[in-house]
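The values are calculated or read from the model by the stated rules, or taken from the named source; none is laboratory data. The structure displayed is predicted, hence computed values, not measured ones. Counting neighbours? That spans all protein chains shown, and the Cβs are built from the backbone with ideal geometry, glycine included. Remember, those area values only see protein heavy atoms, side chains included, never the ligands or the DNA or RNA. Shrake-Rupley method; radii C 1.70, N 1.55, O 1.52, S 1.80 Å.
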Amino acid sequence: METPGRQATNRDIAERLAFMARLLGIAGEDRYRLAAYERAARQIDRLSFPVAGLDEEELTRIPGIGDRIAGQIHEIAATGTFGELVGLQATLPGSLVELLDIPGVGPRTLHVLYKRLGIQSLDDLEQAVKGHRIRALPGFGAKKERAISRGIRQFRQRSDRMTRPQADGVLASVAALFMDGEYVAAGSYRRGSSTIGRLEIVAAEDRDALADHLSSAGTVTRESAERISLSVAGAEVNVRFTETGRCGTALLCATGSCGFLARLGEVAFARGYRLGPDGLQDTSNGRLHTFSSEEEVFSFLGMAAIPPELREDRGEIDLALQNALPDLVDLSDVRGDLHAHTTWSDGRQSLDNVAEAGDARGYEYIVITDHSSRVRPEALAKQQAEIERTNRRHTCRLLAGSEVDIKSDGTLGYENRVLADLDVVIASVHSGFAQDQDVLTRRVLTAMENEHVDIVGHPTGRLIGRRPAYAVDLLRVMKHAAETGTALEINASPHRLDLEDIYIWHAKKEGVKLAAGTDAHRSGEFANMRYGILLARRGWCTPDDIINTLSLSALLEWAS
DNA sequence: GCCGTTTTCGGCCCGACTGTTTTCAGTCG
C-alpha cells in the first residue's frame, strides 16, 4: 500500500475514503457515518489543490472534513492507508465489496446477506438465489430474490469493452511514446464506435527504434515484424508499423470494419487489384501500387472517399461508387447544446458556468434542462428569472427547459401549464425500468402526444457496461415520433451514447429529427458533444437531421 | 462522521419507486 517517494494524490485519498464508506455499509454501520465518508471522498476528489501537504487544522476547514477524517487523511498521506480501514477490512471477506456493484444490492441488503446467510462471493449469492434462501429472510421476499437474480445476470454481462474516455486515457499513455503526427488511432476508435474492444494504432516510425519504448508502456503480448501487441492497464493495444508512403492502405486496413474491408476488397479485385496494408497489388503482373493517403486509394479505385464512421458495410461502398455519399454533420455545424443540468437539480455547475461554457464553445444557445423531480414549479419560475438575468452577461443564450420525468404511470412530472412556459422540453424515463415492453413503450408514446414535449431523452436508458436498455419498442417510438414531430435525443454522454448508431439511422429513414445533447452535469462535459456527433455521423446524419444545427430563432420556432 | 448551533446534541438532499414488514426501508438517480 505504501508508495515511498510519491505523495498521495487527492484521487488516492478519495479512493481510500470511498472504500471505507463501502465497508461501513457492509458492516451495518450508521448510514450517516457512511455518507460522511462518501461526502469527504467526493469533496477531496473535486479540490483543485493537493491535500496531502496540508496539516490537520487546514484540512478541517474543507467542508465535510472534521477532526476524525482530517486525522485519517494525514495518516493516508504518511503511510498510504489508515488504521481504522485496515482494522475493518480484516473483519470482512475481501470478495464481499464487489457485490455492491450488483444492481439491487445496496449496503443494507448486503449486510443482511452476509450476516444471515454467510454470503461472501458472487458464487455464494448465486447459490442462495437458486436455493430460494433469500426469499425466506425477514424483510425479503420472492420479488427481491428475483431482482437480485436479475442483478447478477446484468453484473455478469458487463462488457469489458472500453468507453471512449477510457480508450482516450489508454491512447494518451501510449501516444507519449510516439513523435508528433507519426501515429493514428485506427480501428473502431476511428470509426467512432460507442465502445472500443482493442485499440489499433498505425505508426509510420521505425519499428525497432520504438519496440523498447513500447515495452516500457505495457506488457508485450505478441510481436512480429509488422506489429507489436501490448496490454496497457488491462487494455489491448495493437501497434502496426508502416512507412509514410504506404500509410493510405495501412490506415484503411487497420480502420476496418471487417465487412467494409471485404466489400472494398471485392471492388478492388473487380478492377484487377488485391487490397492489402502495403498497397494495391496488380493481379496480372504482381506490381504493387502504394499510397500515402486513404483519399488516393479511394480515388484510384474510382470512388468517393468514405468517412471512417461510415465504414460498416451498410451500403456506403455502393454510394461512394456513385459519388452519392451523404454530406455528414460535423461538430462545427453544432450551434448549441440541448441538455444541461445545474445546481438547481443534480448538476455541479451554476447557470453562469453553463453560459461561460457556451461562450467558450461559440454556441448560440444552451437549454437548461434540470430534472422535474428536483425542481418544484415555483422554483422553476425563479430559475427562469435567473436565466433572464444570466443572459444579460453572456453571448450564449440560455433557454428555459426541463428534463421532465415520464413517471411509471405514464404521466409527466409537471402539469401542462408549467410545461407551456418553457422553451424546450425533454421527456425522459428515469424509473420503472423493469416494466414490460408494451407498458414502457406506451409511457413514451403518451409523453410524445403531449404538445409541449419536444424531445425524448436517452430513449433506451442504457448505461454502457452497467445497465442494459429498458424494453422499449424503438420502432413504435420512431413511427410515433415522426407522426408527432417529436425529436429523439442522441445523448452524447460517453456513458450513455443513446440512441445507438443503427437506431439513429432508422430514425433518420423514418423522417425523425434528432437532438444532440451532452446531459452535462459539469462544464467540462460540454466537450462530450464530439461523441454525440461521431454517433450521428455513424447514423448517416446530415446537418438537416440534427435540430441543434439550427440557429437560435429557427430552433425556437421548431420547438414552439 | 460532520455541522451548527437555541454550544454539546439532533438532523443529515430528496423524490420516486419498489417490495414488503401494508407504513416503512432500501435503492436509485
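Kindly indicate whether A:V105 is of a type in the set (A, V, I, L, M, F, W, C) and either within 9 Å of DNA strand B (Cβ to nearest atom) or assigned to a loop (DSSP other than H, G, I, E, B) (or both). Answer is yes for this residue.
In region A:110-122, the qualifying residues are those that are under 27 Å from A:L463 (Cβ atoms) and part of a helix (DSSP H, G or I), and the one that is farthest from DNA strand B (Cβ to nearest atom) is A:L122. When A:I533, A:I504, A:I490 are checked against the criterion of being aliphatic (A, V, I, L, M) and in a strand (DSSP E or B), A:I490 stands alone in meeting it. In region A:71-102, of all residues being assigned to a loop (DSSP other than H, G, I, E, B) and surrounded by 17 or more Cβ atoms within 10 Å (Cβ to Cβ), the one that is farthest from DNA strand B (Cβ to nearest atom) corresponds to A:T81. Counted as qualifying within region A:307-416 are the helices (runs of 4 or more DSSP H) with 3 or more residues that are within 16 Å of DNA strand B (Cβ to nearest atom), namely A:377-391.
Assuming A:R68 fulfils every condition listed in (1) in a helix (DSSP H, G or I); (2) at pLDDT below 90; (3) open to solvent by 40 Å² or more (accessible area, probe 1.4 Å) apart from one, which condition is it? It is condition (2) that A:R68 fails.
Exactly one residue out of A:I119, A:I148 is out of contact with any strand residue (DSSP E or B) (no Cβ under 9 Å at 6 or more places or on another chain), closer than 27 Å to A:H495 by Cβ and open to solvent by less than 40 Å² (accessible area, probe 1.4 Å): that is A:I148. When A:T446 is tested against (1) within 14 Å of DNA strand B (Cβ to nearest atom); (2) assigned to a helix (DSSP H, G or I); (3) touching a helix residue (DSSP H, G or I) at 6+ places or on another chain (Cβ under 9 Å), just one condition goes unmet, and that condition is (3). Counting residues in region A:213-230 that are over 32 Å from the mean Cα position of the chain (by Cα) and open to solvent by less than 10 Å² (accessible area, probe 1.4 Å) gives zero. Selection over region A:37-46 of residues that are within 10 Å of DNA strand B (Cβ to nearest atom), open to solvent by less than 70 Å² (accessible area, probe 1.4 Å) and closer than 20 Å to A:D101 by Cα gives a count of 1.
Scanning region A:269-279 for any residue that is open to solvent by less than 70 Å² (accessible area, probe 1.4 Å), without any contact (Cβ under 8 Å) to a residue 40 or more places away in the chain and within 27 Å of A:A167 (Cβ to Cβ) turns up at least one such residue.
Going by what's in this entry, would A:H458 be described as open to solvent by 60 Å² or more (accessible area, probe 1.4 Å), touching a residue at least 40 places away in the same chain (Cβ under 8 Å) and part of a loop (DSSP other than H, G, I, E, B)? Against the criterion (open to solvent by 60 Å² or more (accessible area, probe 1.4 Å), touching a residue at least 40 places away in the same chain (Cβ under 8 Å) and part of a loop (DSSP other than H, G, I, E, B)), A:H458 does not qualify.
Might you let me know whether region A:163-170 holds any residue that is open to solvent by 20 Å² or more (accessible area, probe 1.4 Å) and basic (K, R)? Scanning region A:163-170 turns up no residue that is open to solvent by 20 Å² or more (accessible area, probe 1.4 Å) and basic (K, R). When A:A385, A:A381, A:A355, A:A360 are screened for being open to solvent by less than 10 Å² (accessible area, probe 1.4 Å) and not acidic (D, E), only A:A355 passes.
Filtered by the rule that a residue be at pLDDT 90 or above and among the hydroxyl-bearing types (S, T, Y), region A:9-43 gives a lone residue, A:Y37.
Among residues that are within 9 Å of DNA strand B (Cβ to nearest atom), within 25 Å of A:L99 (Cα to Cα) and open to solvent by 10 Å² or more (accessible area, probe 1.4 Å), A:L34 is included. For region A:47-55, the count of residues that are assigned by TED's automatic domain parsing to the domain that holds A:L85, under 27 Å from A:I102 (Cβ atoms) and open to solvent by 40 Å² or more (accessible area, probe 1.4 Å) is zero.
If you go through region A:295-316 and keep only what is under 15 Å from A:Y273 (Cβ atoms) and open to solvent by less than 30 Å² (accessible area, probe 1.4 Å), you end up with A:V297, A:F298, A:L301, A:M303.
If you go through region A:533-558 and keep only what is open to solvent by 10 Å² or more (accessible area, probe 1.4 Å) and touching a helix residue (DSSP H, G or I) at 6+ places or on another chain (Cβ under 8 Å), you end up with A:L534, A:R537, A:R538, A:W540, A:P543, A:D545, A:T549, A:L550, A:W558. Annotation: A:L440 fulfils all but one of (1) in contact with a strand residue (DSSP E or B) (Cβ under 6 Å, 6 or more places away or on another chain); (2) free of Cβ contacts under 8 Å to residues at least 60 places away in the same chain; (3) buried (at least 20 other Cβ atoms within 10 Å of the Cβ); the unmet one is (1).
Being more than 20 Å from the chain's Cα centre (by Cα), surrounded by fewer than 21 Cβ atoms within 10 Å (Cβ to Cβ) and touching a residue at least 24 places away in the same chain (Cβ under 8 Å): is that true of A:E483 here? No; evaluated as a whole, the condition is false for this residue.
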